[in-house]
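See structure below.
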Amino acid sequence: MSEHEEIINRFEEAGQGHVFRFWDTLSEDRREHLIAQAKEIDLAEIDHLIQTLVKGDQGVHLDLSGLRPAPYIALPEHGGDQAAWAEARLAGEKALRAGKVAAFTVAGGQGTRLGYAGPKGTFPVTPVRRHSLFQVFAEKLLAAERRYECELLWFLMTSHANHEDTVAFFEENHFFGLNPDRVHFFRQGRMPAVDFEGKIILEAPDAIAMSPDGHGGALRALVRSGAVNRMELAGVDIVSYFQVDNPLVRCIDPAFIGFHLQSGSEMSSKMVPKAYEKEKVGHFCIQNGRLVVVEYSDMPDELTSMRDENGELRFRAGSIAIHLLSREFIRRMGEGTSDVVLPFHRAEKKIPFVDDAGATHKPEQPNGVKFEMFVFDALPFAQNPIVVETKRSDEFSPVKNAEGIDSPATCRADQLKLFARWMNASGIAVPVDENGVPTIAIEIAPTFATDEDSFAESWAALDPKPEIRDGLVLA
Ligand code: UTP
């Protein structure tokens, strides 16, 4: 039996033979294309997901019993221990100087809500220079390399859909001044979408509807791509994980790294206090002695609104998708065993499909299910996980939607406010409107400053000082 026949047989036996229903009409290269996609699919895994998440009880029997708020390390201004923060920072700086830390960006998402043509990381995000998200991160890494006299590796996870465009963007921009040998791209895995009967959806006669397997797919992709081995060879023990959509993120944060090391944590997370009860962020909770993130949609109302003795939200620790992971924890999770494995979640989506004549249709209503893993589902498997507070205005303003909250407009305003705050702290006045948003566009490059203190240093060294005006760029 040829390899093709063998694969087609396996799909038939699994009740998915319809994937090849246009086989006889396909040219040789289109057949190869379809077979290559089919080879990516683990039929036993898909069958299990169909039985549990599509046909079964849909995995909705979430056990939310016994949830407690997760403890976290508070910022000094919220009662945290100033000396402990200073000590953590020193420990983190030491690890950075010793080359123990690598950066990791998950950039494989489809970015459907933003609706921008092109990889999200290429979105022009900064207020004056319109630099891309990727460039902002690259400059933050350059700044960290200079400050800690180290060479950082940067891993970027792409998807099949955006990999080539992402790599080309870096090449066209000469890697924004980074050493190309230290920037490492790899594609994440894909999963087929299925209809509500559990049949794999074809989006064209020669193409299965495949989509990225979620940011949780990062763990197995880091292992499969060889990235984890590459880290080991380079002596990297800690991976600084951040999403592609948040230009405020401190890609490299010594205090966070220090706390992670001091507590022997395998996976650490940053939190911000929720802005209001129903804010759509995951909640850090403790359940059965394990740290978990409960999605906002799963949190019972009586818990989201519960207050403590100070009148503050009891479950206030919101997840902002910034983590540190130890290399060997990634390896363990990414290799997976039957009892150490990230669960899949189902998401009902509108998935283009072919009719029997081979024409593709875009449905108006959700017609099927995609399967995704979430990185925070690794937390319950981690030893000594910790949660560390950060300030929202310092570190979190994602670009998710085309308009409204978490949009380019809110992110621009948040960047301007942050830059103005650093300037104010050095005694420089910036005109603002009634919402505190600067009325002039200003931009501070990460290579000039990444916080109040580094701004003060760089500003002090400037001679002559520039005029504070619309369009000012400090780089
Ligand atoms: P989001 O949850 O915002 O999803 O991803 P998205 O796909 O980018 O956007 P929408 O929902 O289609 O509008 C959060 C982060 O996780 C990455 C994204 O690139 C982003 O950095 N991600 C998400 C992946 O790397 N792979 C995925 O499969 C999903």
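Condition first: part of a strand (DSSP E or B), open to solvent by less than 60 Å² (accessible area, probe 1.4 Å) and more than 30 Å from D406 (Cβ to Cβ). Now tell me which residues in segment 327-347 satisfy that.
At the first step, the residues of segment 327-347 found to be part of a strand (DSSP E or B) are 337, 340, 345-347.
Within this subset, residues satisfying the condition of being open to solvent by less than 60 Å² (accessible area, probe 1.4 Å) are 340, 345-347.
Matches in segment 327-347: V340 only.
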task = Only residues that are under 24 Å from F242 (Cβ atoms), hydroxyl-bearing (S, T, Y) and touching a Phe, Trp or Tyr at 6+ places or on another chain (Cβ under 7 Å): list them for segment 275-331, please.
result = S319
inquiry  = Looking at V128 and the list (1) more than 16 Å from the ligand (Cβ to nearest atom); (2) in contact (Cβ under 8 Å) with a residue 24 or more places away in the chain; (3) open to solvent by 10 Å² or more (accessible area, probe 1.4 Å); (4) touching a helix residue (DSSP H, G or I) at 6+ places or on another chain (Cβ under 9 Å), which single condition is not satisfied?
reply    = (4)
ask   = Between residues in segment 236-258 that are of a type in the set (F, W, Y) and residues that are in a helix (DSSP H, G or I) and at pLDDT 95 or above, which pairs lie under 8 Å by C-beta distance while being six or more apart or on different chains?
value = Y241/A218; Y241/V375; F242/F137; F256/A88; F256/G92
query = How many residues are within 16 Å of the ligand (Cβ to nearest atom) and aliphatic (A, V, I, L, M) if we restrict to segment 142-161?
reply = 3
query = When residues of segment 402-452 are filtered for being assigned to a helix (DSSP H, G or I), among the aliphatic types (A, V, I, L, M) and surrounded by 20 or more Cβ atoms within 10 Å (Cβ to Cβ), how many remain?
reply = 4
task = Would you point out the residue of segment 348-362, among those that are open to solvent by 30 Å² or more (accessible area, probe 1.4 Å) and in a loop (DSSP other than H, G, I, E, B), that is farthest from H215 (Cα to Cα)?
result = A357
task = Kindly check whether there is at least one residue in segment 363-370 that is touching a Cys at 6+ places or on another chain (Cβ under 7 Å) and buried (at least 20 other Cβ atoms within 10 Å of the Cβ).
result = no
ask   = Taking F371 and the conditions (1) in a loop (DSSP other than H, G, I, E, B); (2) closer than 30 Å to A117 by Cβ, which numbered condition does it fall short on, given that it satisfies the others?
value = (1)
ask   = So which residues in segment 89-117 are within 13 Å of the ligand (Cβ to nearest atom) and within 17 Å of the chain's Cα centre (by Cα)?
value = F104, T105, V106, A107, G108, G109, Q110, G111, T112, R113, L114
remark   = Of (1) within 16 Å of the ligand (Cβ to nearest atom); (2) in a loop (DSSP other than H, G, I, E, B), Y276 satisfies every one except (1)
message = Checking P254 against (1) away from the ligand (no atom under 16 Å from the Cβ); (2) open to solvent by 10 Å² or more (accessible area, probe 1.4 Å), only one condition comes out false. Which one?
response = (2)
message = Given the criterion modelled with pLDDT of 95 or more, outside any helix (DSSP H, G or I) and over 22 Å from V272 (Cα atoms), identify the matching residue among A102, A36.
response = A102
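The values are calculated or read from the model by the stated rules, or taken from the named source; none is laboratory data. Note that the structure is predicted; figures quoted are calculated from it, not measured. Virtual Cβ from ideal backbone geometry, glycine too; neighbours counted across all protein chains shown. In case anyone asks, the SASA skips ligands and DNA or RNA and just uses the protein heavy atoms, side chains included. Shrake-Rupley method; radii C 1.70, N 1.55, O 1.52, S 1.80 Å.
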